[in-house]
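The values are calculated or read from the model by the stated rules, or taken from the named source; none is laboratory data. Remember, predicted model here, so these are calculated numbers, not experimental data. Neighbour counts are summed over all protein chains in view; Cβ atoms, including those assigned to glycine, are modelled from backbone coordinates with ideal geometry. For accessibility, only protein heavy atoms count, side chains too; no ligands or nucleic acids. Shrake-Rupley method; radii C 1.70, N 1.55, O 1.52, S 1.80 Å.
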Amino acid sequence: ENVLSDLSLDIYPNPFNDELFVQLGDEALHNVKIEMFEIDGRLIKEMKLERSRANQLISISNVALASGVKIIKVRSDEGIYTEKLISL
């Protein structure tokens, strides 16, 4: 599990099938962008929120992907979080 983080959050389950959860930390975030990439850098999913609540749970569903390693990035005005995930 490779994590690069300026933000406090949790992404689970890992490995995942077709649904993934992003649990935000104790602080509200602004201009949140969640991106999922194939390991080759190709963007496969993107979500945007203008503002999040503290401890907000975000569900990413219907992620019909080929199995393998994915990269998820959560960007906001407050920082960035990057993690490798395994799609089953």
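A compact table of results
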read-out	value
Test: residue 63 is open to solvent by less than 30 Å² (accessible area, probe 1.4 Å) and modelled with pLDDT under 90	yes
Filtered residue count, the range 34-48, keeping only those that are loosely packed, with under 12 Cβ neighbours inside 10 Å and in contact with a Gly (Cβ under 8 Å, 6 or more places away or on another chain)	1
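Residues are listed down the side, and each one gets a yes or a no for (1) surrounded by 11 or more Cβ atoms within 10 Å (Cβ to Cβ); (2) without any contact (Cβ under 8 Å) to a residue 40 or more places away in the chain; (3) in a loop (DSSP other than H, G, I, E, B):
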residue	(1), (2), (3)
21	yes, yes, no
32	yes, no, no
50	no, yes, no
55	yes, yes, yes
